[in-house]
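Participant: Below you'll find the structure I mean.
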Amino acid sequence: MHKRQLLIGMSILLGILWVSCSGDTTRTASSQAKVNTQTDAKPSPIADPELQIMEENPYESLLTLDFILGRFDPREHPQFSKIPQEHTDKVGIMMHTDALAAYEQMTAAATAAGHKLVIRSAARNFDYQRSIWEAKWSGKRILSSGINAATDISDPALRAKEIMKYSAMPGASRHHWGTDIDLNAFDNAYFESGSGKLIYQWLLTNANDYGYYLVYTAKGEQRPTGYEEEKWHWTYKPISKYLTAFAREQLRDTTLTHFSGSDTAPQLNVVEDYVLGIAHDCH
C-alpha cells in the first residue's frame, strides 16, 4: 500500500512539472515571437528635406553633364522655346520654356510700370560659347577693356583670367542652361543713370517675385571670386538652383576641354571660383 501511494505521488509530481515546463515553453515562444516582430519591424523613415527636394525636382532630367556643359542644340531640346521677337533684339534665340513663361509675366509687369525690358542674350550652347571664347583668345575680338588677349598677354593662364572677367570658358557658362538672360545692355554704366537706373531699381525690387535673381553682384566679402559685376545678368532660380547644385557635385575643372586654353582651368579653379562664384541668393 505504501509503495502504491508513493507511485501515485510521483505521477502527480511529474504531471505538475510537465504542465509547468509546457507553460514556460509557450511563454518563451510567445516572447521570442514578439522579439522577432520588433527586430524585423522597419523603423519609420527620417524626413530629410534635402532628399525630399531632390525627389520632387521637376527638372531632374536636366541633371546630366552633357546638359551642364551645353553639349546639345537648344533648338532641338524639348524643354526649350524660341523667345518671341517682341521680347528680344535677336532672332531665333532660345531659353527654357518655364523660364520664358516667368519672364513674360515679369516683362508685362515692368511694362505696366513704364519700363522696357529687352533680352540681349539667352541660351548659348557649348559651340556658341566656344566661338566667343576662341575669338577673344586669338585676338580676333578685342576685350571690353581694350586689350588684345593674343598679342598683349602671352601667359596662357593670365590670358584666360583676363577673358574670364566677363566671358565664361566653354562648358562653364550658365547660359548653357537656358535659365540665364542678359537684359538691355552689356554695360554697368547703363544701369547707373537715367532710364537704365530706373529699370535696374525696378528689377532689384520686383524680379525675385518672378523667380529671377541677379547672378554677378559687385565683388566683395559676399562674392570674392568669379566674374566681374554684371548688372544685366539674371537667372531663373527655380530651375538654375538645381543645376548649380549639380555642377557643384559633378562638374570638374578637368571636364572643361576641347577649346584653346582649357588646360588652364585647373590652375584657375574655374568651377569653384567662377561657376560657383555667384551671388549667395542664387545658390
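Participant: Applying the selection to the stretch 119-129, what residues are assigned to a helix (DSSP H, G or I) and touching a strand residue (DSSP E or B) at 6+ places or on another chain (Cβ under 7 Å)? Break it down stepwise before answering.
Facilitator: Narrowing the stretch 119-129 to residues assigned to a helix (DSSP H, G or I): 126-129.
Result: no residue meets the conditions.
Participant: Among the listed residues ALA218, ALA279, ALA189, identify the single one that is more than 18 Å from LYS116 (Cα to Cα), free of Cβ contacts under 8 Å to residues at least 24 places away in the same chain, among the hydrophobic types (A, V, I, L, M, F, W, C) and out of contact with any His (no Cβ under 6 Å at 6 or more places or on another chain).
Facilitator: Numbers: ALA279 fails: free of Cβ contacts under 8 Å to residues at least 24 places away in the same chain; ALA189 fails: more than 18 Å from LYS116 (Cα to Cα).
Going through ALA218, ALA279, ALA189 in turn, the sole match is ALA218.
Yes or no, residue by residue, for (1) modelled with pLDDT under 95; (2) basic (Lys, Arg); (3) out of contact with any helix residue (DSSP H, G or I) (no Cβ under 6 Å at 6 or more places or on another chain); (4) surrounded by 14 or more Cβ atoms within 10 Å (Cβ to Cβ):
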| residue | (1), (2), (3), (4) |
| --- | --- |
| SER195 | no, no, yes, no |
| GLN201 | no, no, yes, no |
| THR205 | no, no, yes, no |
| ASP209 | no, no, yes, no |
| VAL215 | no, no, no, yes |
| PRO224 | no, no, yes, no |
| TRP232 | no, no, yes, yes |
| TYR236 | no, no, no, yes |
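Participant: Within the stretch 187-203, is there a residue that is within 22 Å of PHE80 (Cα to Cα) and either over 24 Å from the mean Cα position of the chain (by Cα) or small (Gly, Ala, Ser) (or both)? Step through it out loud before you land on a result.
Facilitator: Residues of the stretch 187-203 within 22 Å of PHE80 (Cα to Cα): none.
No, there is no match, as no residue in the stretch 187-203 is within 22 Å of PHE80 (Cα to Cα) and either over 24 Å from the mean Cα position of the chain (by Cα) or small (Gly, Ala, Ser) (or both).
Participant: For residues in the stretch 57-97 being closer than 30 Å to GLY196 by Cα and of a type in the set (Val, Ile, Thr), which is surrounded by the fewest Cβ atoms within 10 Å (Cβ to Cβ)?
Facilitator: VAL91
Participant: With respect to ALA157, determine if the residue is surrounded by fewer than 18 Cβ atoms within 10 Å (Cβ to Cβ), of a type outside the set (Lys, Arg) and without any contact (Cβ under 8 Å) to a residue 12 or more places away in the chain. Walk me through how you get there before you give the answer.
Facilitator: Numbers: surrounded by fewer than 18 Cβ atoms within 10 Å (Cβ to Cβ): yes; of a type outside the set (Lys, Arg): yes; without any contact (Cβ under 8 Å) to a residue 12 or more places away in the chain: no.
No: the conditions fail for ALA157.
Quick grid of which residues meet (1) of a type outside the set (Phe, Trp, Tyr); (2) outside any loop (DSSP other than H, G, I, E, B):
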{"position": "TYR103", "(1), (2)": "no, yes"}
{"position": "ALA110", "(1), (2)": "yes, yes"}
{"position": "LEU117", "(1), (2)": "yes, no"}
{"position": "SER131", "(1), (2)": "yes, yes"}
{"position": "TRP137", "(1), (2)": "no, yes"}
{"position": "ILE142", "(1), (2)": "yes, no"}
{"position": "ALA150", "(1), (2)": "yes, yes"}
{"position": "GLU162", "(1), (2)": "yes, yes"}
{"position": "LYS165", "(1), (2)": "yes, no"}
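Participant: Is it the case that PHE246 is farther than 19 Å from HIS280 by Cα and either in contact (Cβ under 8 Å) with a residue 40 or more places away in the chain or part of a strand (DSSP E or B) (or both)? Working first, answer last.
Facilitator: On the way: farther than 19 Å from HIS280 by Cα: no; either in contact (Cβ under 8 Å) with a residue 40 or more places away in the chain or part of a strand (DSSP E or B) (or both): yes.
So PHE246 fails the test.
Participant: For the list (1) in contact with a strand residue (DSSP E or B) (Cβ under 7 Å, 6 or more places away or on another chain); (2) in a loop (DSSP other than H, G, I, E, B); (3) among the acidic types (Asp, Glu), I need the number of the one condition that GLU221 fails.
Facilitator: The number of the failed condition is (1).
Participant: Across the stretch 98-135, which residue is farthest from PHE259 (Cα to Cα) among those that are surrounded by 15 or more Cβ atoms within 10 Å (Cβ to Cβ) and among the hydroxyl-bearing types (Ser, Thr, Tyr)?
Facilitator: Only one residue fits best here, namely THR107.
Participant: Hey, another quick one. On the given criteria, is GLY178 within 26 Å of HIS283 (Cβ to Cβ) and out of contact with any Asp or Glu (no Cβ under 8 Å at 6 or more places or on another chain)? Step through it out loud before you land on a result.
Facilitator: Values: within 26 Å of HIS283 (Cβ to Cβ): yes; out of contact with any Asp or Glu (no Cβ under 8 Å at 6 or more places or on another chain): yes.
Yes, satisfied.
Participant: Also: Which residue pairs have Cβ atoms closer than 7 Å, lie 6 or more positions apart in sequence or on different chains, and pair a first residue in the stretch 59-76 that is at positive phi and assigned to a loop (DSSP other than H, G, I, E, B) with a second residue that is surrounded by 12 or more Cβ atoms within 10 Å (Cβ to Cβ) and among the small types (Gly, Ala, Ser)?
Facilitator: GLY70/GLY171; GLY70/SER173
Participant: Could you tell me whether any residue of the stretch 129-146 is without any contact (Cβ under 8 Å) to a residue 12 or more places away in the chain and under 23 Å from the mean Cα position of the chain (by Cα)?
Facilitator: no
Participant: Restricting the search to the stretch 84-101, which residues are assigned to a helix (DSSP H, G or I) and at positive phi? Spell out the reasoning first.
Facilitator: Quick first cut of the stretch 84-101, residues assigned to a helix (DSSP H, G or I) only: 85-87, 97-101.
Listed by number, the list is empty, since nothing qualifies.
The values are calculated or read from the model by the stated rules, or taken from the named source; none is laboratory data. Keep in mind it's a predicted model, so treat the numbers as computed, not measured. Cβ: placed from backbone, ideal geometry, glycine included. Neighbour counts: every protein chain shown.
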